[in-house]
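**Q** Let me give you the structure first, and then I'll get to my questions.
Bear in mind that the values in this text are calculations on the coordinates, not laboratory data. What you see is a predicted model, and the numbers here were worked out from it, not measured in a lab. Glycine also receives a Cβ, built like all others from the backbone with ideal geometry; neighbour counts cover every protein chain displayed.
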Amino acid sequence: MKIDLQTAAARLREMDDILLLTHRNPDGDAAGSLWALYRLLTKLGKRVKFQLVGKVPENLLFAAECEAEDFEEKFIVAVDLAEATLLGEALQPVYGEKIDLNIDHHGSNTFFAKETFLDAKAAAAAQLVYSLYEEMNVPIDVRSAEQLYIGLSTDTGCFRYGNTNSEALHTAAELVGIGIDNGDINRRIFETKSKAYIQFEALAMSNLRMHFDGKCAVMALTKDMFTRTGLDESETHMIAGLPRQVEGVLVGATIKEKDNGLCRVSLRSNEPVDVSAIAKTFGGGGHKLAAGCDLYGTVSKATADLLKEIEAALHSYNLL
């Protein structure tokens, strides 16, 4: 059931012993929103804990939270989670059907939780957590402001993407006014790259292939590339946007080879193509211009299957 901000705030006020969850391999918005929500609830005197599946990117850890205690949860809250399967194989069977409240901004949300506070117009889940701070009249300290800024800035591409609306910019200004060093945060997240990442990006770009008269670019990230460079997978979140940056490209895709025949796909697009619809055909989802899904088989098979759907999508927009 979809609920509004006031109902979500009321539910959080009345409940205790709260477990916070987000999607596997958390990005800046997932981690930042979860940490900021954790701080909000602890400021209200709640017992709160969280679980993160997959490694948080190294450049976000300066704003991380540490859990102080463990207990048996009585209320489960998810944040930045479009569907339960995105919890990952470890948590989805345990919590997939037990989530009481979901705080999300994905238009593809499947409403798997008992109650869902959803605003698909919000630039990031962090925007919704910020609105909860305001609604619940909880002061935002500098650490919470850093976490919220991380969520906003990463999901908007440092305020460059089309989802950067006036509300996001106003909120970012408010967070800077609280006292965060936004220049330092931007440098840490968007401008600092490890030597291994530079080597990996060079290999990735050498794998870039163009399709459909240059309207689609696909990049394969193989296990061998990770072995050769020693790059940690958590550092690859910036690579997903590279194929879309090529002039003329409407759909960009990165296909990351995993173990056991799994390929993880990240899709990025320029108007008017809705890549969440493409991802949905494979059981994935996301936003119109940024989505993802999982495919099984070799990288070559995953590429072929993906290109078939991308071609159909381009035809549906009369772009081919």
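**Q** Explain nothing, just the number: relative contact order of the chain, from Cα pairs under 8 Å at least 6 residues apart, as a whole percent. Intermediate values should be presented prior to the final figure.
**A** On the way: 610 pairs, mean separation 41.8, N = 320.
Worked out over the chain, it gives 13 percent.
**Q** Stretch residue 61-residue 209 to full length: gain in nm at 0.36 nm per residue minus the Cα-Cα span? Mind showing how you got there, number by number?
**A** Details: separation 148, 0.36 × 148 = 53.28 nm, distance 3.39 nm.
In short, 49.9 nm is gained.
**Q** Could you give the dipole magnitude of segment 238-320 about its Cα centre, charging the beta-carbon of Lys and Arg +1 and that of Asp and Glu -1, in debye to the nearest 20? Could you put the intermediate results ahead of the total?
**A** Working: 9 positive and 9 negative charges, 30 e Å.
The calculation lands at about 140 debye.
**Q** Something else: Below 15 angstrom from the Cβ of residue 134, what's the summed charge of the other residues (Lys, Arg +1; Asp, Glu -1)? Please list the in-between numbers first.
**A** Details: positive: 13, 39, 43; negative: 4, 119, 135, 141, 167, 174.
Summing Lys/Arg as +1 and Asp/Glu as -1 gives -3.
**Q** Can you compute the charge dipole magnitude of the chain about its Cα centre, using +1 on each Lys and Arg Cβ and -1 on each Asp and Glu Cβ, nothing else charged? Give it in debye, rounded to the nearest 20. Present the calculation step by step, with values, prior to reporting the outcome.
**A** Values: 33 positive and 46 negative charges, 138 e Å.
Here the chain has a charge dipole of around 660 debye.
**Q** Okay, moving on. For Rg and Dmax of the Cα atoms in Å, the choices are (1) 19.3, 58; (2) 25.3, 99; (3) 22.3, 67; which was calculated from the structure?
**A** The value computed from this structure is option (1).
**Q** Between residue 190 and residue 319, 0.36 nm times their residue separation minus their Cα-Cα distance comes to what?
**A** Working: separation 129, 0.36 × 129 = 46.44 nm, distance 3.26 nm.
Value of the extension gain: 43.2 nm.
**Q** Mean separation of Cα pairs under 8 Å and 6+ residues apart, divided by the residue count of segment 195-316: what relative contact order is that in percent? Numbers along the way, then the final one.
**A** Numbers: 232 pairs, mean separation 23.2, N = 122.
Rounded, it is 19 percent for segment 195-316.
**Q** Test of the criteria: in segment 1-74, which chymotrypsin sites (Phe, Trp or Tyr not before Pro) are in a DSSP loop and have at most 15 other Cβ atoms within 10 angstrom of their Cβ?
**A** Here the sparse-neighbourhood loop sites are 71.
**Q** Follow-up question, since we're still on this one. May I ask you to derive the relative contact order of segment 1-131, considering only C-alpha pairs under 8 Å and at least 6 residues apart, and to give it as an integer percent? Show your work: numbers first, answer last.
**A** Working: 250 pairs, mean separation 38.7, N = 131.
RCO, segment 1-131: 30 percent.
**Q** Which percent, to the nearest 5, of DSSP beta bridges fully inside the chain are antiparallel? Could you put the intermediate results ahead of the total?
**A** Numbers: 19 of 41 bridges.
Of the beta bridges lying entirely in the chain, close to 45 percent run antiparallel.
**Q** Greater than 23 Å separation of Cα atoms is the criterion. Which listed pairs, 121/256; 256/301; 280/301; 55/258; 121/308, meet it?
**A** Details: 121/256 29 Å; 256/301 13 Å; 280/301 18 Å; 55/258 15 Å; 121/308 30 Å.
Violating the 23 Å limit, Cα to Cα: 121/256; 121/308.
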